[in-house]
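Visitor: One structure is given below, represented as structure tokens, and several questions about it will come after.
The values are calculated or read from the model by the stated rules, or taken from the named source; none is laboratory data. Because the structure is a prediction, the values reported are computed rather than measured. Every residue, glycine among them, receives a Cβ derived from its backbone with ideal geometry; neighbour counts consider all protein chains shown.
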Amino acid sequence: MSNYDVVVIGSGPGGYVSAIRCAQLGMKTALVEKYDTLGGTCLNVGCIPSKALLDSSHHYEDTQKHLEEHGIEVQGPVTLNLAKMMERKSGVVSQTTKGIDFLMDKNKIDVLHGIGAFDDKNTLTVHGKEKQTLTAKHFIIATGSKPASLPFINIDKKRVITSTEALSMTEVPMHLVIIGGGVIGLELGQVYRRLGAEVSVVEYMDRIIPTMDGAQSKELTKVLKKQGVKFFLSHQVQGVSSDKNEVTVTALDKKGQEVQLTGDYCLVSVGRKPYIEGLGLDKAGVAVNERGQIQVNDHLQTNIAHIYAIGDVVRGAMLAHKAEEEGVMVAELIAGQKPHINYNLIPGVVYTWPEVASVGQTEEQLQASGVAYKTGQFPMRALGRSRASGDVDGFVKILSDAKTDELLGVHMVGARVADLIAEAVTAMEFRASAEDLARMSHAHPTYAEAVKEAALAATENRPLHI
Ligand code: FAD
Ligand code: NAD
């Protein structure tokens, strides 16, 4: 039996980062992972492979459609080698996961492969090639999430698939029907649209990315429609049937009329659910809420004080950087420090092109809570930088307090806004006003100038370039 200060269960961005921080703080730490590779959903079947395919498919589309306008002529047809694109993606994943092995070694963290299951609140057995029993002063559960589905859908992983299968296709679908117009549906939908598939998105709500600002939904819908994606909004899916070659999705539209969409693949992307199977939570006495999430207090402690839980398996946004912050916070709490996470300032990004990025309150949230606010918006089209690259879609929208001018929300659509949002997060962490942003020098020509201009518009309605 081995004894540790901390045992972390799950090696995703929550778990491995937490293990590193525990080790940095001098704790004897073990990391338990059921799969052979470290990195969890994010590195293996999430953030990293999806971004690799988004980048590759973007190059393909540019070569096919946009190089000519730059005066670059391609002789002969541009052809797709999907197997090679997937091989590159797998290479990126394996390089990245090996990087985590290196970090575990560097920080002298013991890595144990196998399913971790509590025997009681102080003991965990790792069911791997051999059984290993561990005791620890503290446990951190970071077991993440897996795809959710609808009760009447049978995910056969052949025709009816989740993001995991969609990241390793052996052919480009002729017609990909996507249930759920959220982050996964739109990112992967754009990948296969670029590669030549017909793509139809069936969404229950009246807009895509429904948790983001309404202006972002509108702009992204417009751009994706231009790219050929078809949307079936306010549609209630009733059933999905499939045979060897085909899948049919039946839905009711706003008027209650039945709509049938037949394709060769159906991607189900209606959210994810916490992953707690096989963990033995009952044996440890750890409580779970009605949504299947491990219940935690503000310090991410479960009802069993020395067992913590972080990341997708607890409440809040299912994002890698949220899981990482929580992993660091718990390590520091165990070490007796007083860390804090500002959940309102965890940015959200959709890596379509144009990208979509947000931080703080949306206009809909401010309206619902009755806060008086000002708005400033600036179109990317008006920037020299956007015209130079040809990326003219999108805008930056700034919401600030009507009285104090404090930034309340920043919402963007456009080229590289996934990176631009960091400026807004920094400003809001320091409780800056829109005027603070408006008076800072922004390099010219950059996409970031849209942030300054939107801030000028929010402050005194005096943008310079429109
Ligand atoms: P996970 O990454 O899910 O890791 C949990 C780990 O625990 C897994 O490795 C699992 O095998 C292991 N485990 C579970 N049970 C046990 C057990 N009993 N014993 C041992 N090990 C166990 N987020 C972003 O911020 N940006 C993105 O661009 C992004 N893109 C995404 C794209 C896709 C297609 C998907 C599916 C998700 C994406 N996400 C993205 C979400 C992100 O992947 C998750 O929020 C993040 O991985 C959560 O981290 P985690 O550490 O909580 O759990
Ligand atoms: P999501 O919550 O982003 O989107 C699910 C969508 O499905 C929503 O628009 C919802 O209204 C819709 N929906 C729900 N039930 C439906 C039904 N019965 N019929 C039709 N539509 C329905 O979930 P996701 O796209 O599956 O992604 C899962 C998680 O992974 C998200 O929480 C997200 O944070 C994370 N993720 C993040 C990124 C990123 O940060 N770029 C990328 C991919 C995934």
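Visitor: For the subset of segment 199-234 comprising residues that are under 19 Å from the mean Cα position of the chain (by Cα) and acidic (D, E), which member is farthest from ligand 2 (Cβ to nearest atom)?
Guide: My answer is D213.
Visitor: Still on this structure, please answer the following. Among (1) under 30 Å from the mean Cα position of the chain (by Cα); (2) farther than 16 Å from K28 by Cβ; (3) part of a strand (DSSP E or B); (4) not β-branched (V, I, T), there is one condition D119 misses while meeting the rest; what is its number?
Guide: The one condition D119 does not meet is (1).
Visitor: So, one more: Return the only residue of V268, V249 being under 26 Å from Y192 (Cβ atoms), surrounded by 21 or more Cβ atoms within 10 Å (Cβ to Cβ) and within 15 Å of ligand 1 (Cβ to nearest atom).
Guide: Only one candidate passes the filter, namely V268.
Visitor: Listed residues G280, G285; which is farther than 25 Å from I208 by Cβ, more than 16 Å from ligand 1 (Cβ to nearest atom) and touching a residue at least 24 places away in the same chain (Cβ under 8 Å)?
Guide: G285
Visitor: Residues A382, A357, A368: which one is touching a Pro at 6+ places or on another chain (Cβ under 9 Å), of a type outside the set (S, T, N, Q) and more than 14 Å from L220 (Cα to Cα)?
Guide: A382
Visitor: So for segment 13-24 (the condition being outside any helix (DSSP H, G or I) and modelled with pLDDT of 95 or more), does at least one residue qualify?
Guide: Taking every residue of segment 13-24 in turn, none turns out to be outside any helix (DSSP H, G or I) and modelled with pLDDT of 95 or more.
Visitor: So, one more: Within segment 375-382, is even one residue in a helix (DSSP H, G or I), farther than 28 Å from A320 by Cα and more than 26 Å from the chain's Cα centre (by Cα)?
Guide: Checked segment 375-382: at least one residue is in a helix (DSSP H, G or I), farther than 28 Å from A320 by Cα and more than 26 Å from the chain's Cα centre (by Cα).
Visitor: Out of everything in segment 422-450 that is in contact (Cβ under 8 Å) with a residue 60 or more places away in the chain and either in contact with a His (Cβ under 9 Å, 6 or more places away or on another chain) or among the small types (G, A, S) (or both), what residue ends up being surrounded by the most Cβ atoms within 10 Å (Cβ to Cβ)?
Guide: Only one residue tops the list, namely A450.
Visitor: Okay, next question. Please work out if K89 is of a type in the set (K, R), in contact with a Gly (Cβ under 8 Å, 6 or more places away or on another chain) and at pLDDT 95 or above.
Guide: For K89, the condition - of a type in the set (K, R), in contact with a Gly (Cβ under 8 Å, 6 or more places away or on another chain) and at pLDDT 95 or above - is not met.
Visitor: Might you let me know whether segment 58-67 holds any residue that is out of contact with any Asp or Glu (no Cβ under 6 Å at 6 or more places or on another chain), free of Cβ contacts under 8 Å to residues at least 24 places away in the same chain and part of a loop (DSSP other than H, G, I, E, B)?
Guide: Yes: one or more hits.
Visitor: Further, regarding this structure: Quick check on S11: is it under 24 Å from L112 (Cα atoms), under 19 Å from the mean Cα position of the chain (by Cα) and more than 16 Å from ligand 2 (Cβ to nearest atom)?
Guide: Yes, satisfied.
Visitor: Hey, any hits in segment 175-187 for a residue that's part of a loop (DSSP other than H, G, I, E, B), more than 14 Å from ligand 2 (Cβ to nearest atom) and more than 23 Å from V92 (Cα to Cα)?
Guide: Scanning segment 175-187 turns up no residue that is part of a loop (DSSP other than H, G, I, E, B), more than 14 Å from ligand 2 (Cβ to nearest atom) and more than 23 Å from V92 (Cα to Cα).
Visitor: To continue, here is another question. Considering only segment 191-212, state which residues are in a helix (DSSP H, G or I) and either out of contact with any Leu (no Cβ under 7 Å at 6 or more places or on another chain) or over 20 Å from L82 (Cβ atoms) (or both).
Guide: R193, R194
Visitor: Does any residue of segment 231-240 turn out to be within 27 Å of A415 (Cβ to Cβ) and of a type in the set (A, V, I, L, M)?
Guide: Yes, there is a match, as at least one residue in segment 231-240 is within 27 Å of A415 (Cβ to Cβ) and of a type in the set (A, V, I, L, M).
Visitor: Just to verify a result, which residue in segment 136-174, among those that are in a strand (DSSP E or B), more than 13 Å from S242 (Cβ to Cβ) and touching a Phe, Trp or Tyr at 6+ places or on another chain (Cβ under 9 Å), is farthest from ligand 2 (Cβ to nearest atom)?
Guide: K137
Visitor: Within segment 417-439, does at least one residue satisfy the condition of being within 30 Å of L300 (Cβ to Cβ) and in contact with a Lys or Arg (Cβ under 9 Å, 6 or more places away or on another chain)?
Guide: no
Visitor: Moving to a separate point now. If I ask for residues that are touching a helix residue (DSSP H, G or I) at 6+ places or on another chain (Cβ under 7 Å) and outside any helix (DSSP H, G or I), which ones from segment 297-329 would you list?
Guide: H299, L300, I304, I307, Y308, I310, G316, M318
Visitor: Could you count how many residues in segment 257-279 are in contact with a Leu (Cβ under 8 Å, 6 or more places away or on another chain) and farther than 22 Å from K157 by Cα?
Guide: The total comes to 2.
Visitor: Check T96 against each of (1) surrounded by 15 or more Cβ atoms within 10 Å (Cβ to Cβ); (2) in a strand (DSSP E or B); (3) touching a Gly at 6+ places or on another chain (Cβ under 9 Å) and name the one condition it does not meet.
Guide: Here T96 clears every test but (2).
Visitor: Looking at K108, is it over 29 Å from Y265 (Cα atoms), within 28 Å of the chain's Cα centre (by Cα) and among the basic types (K, R)?
Guide: no
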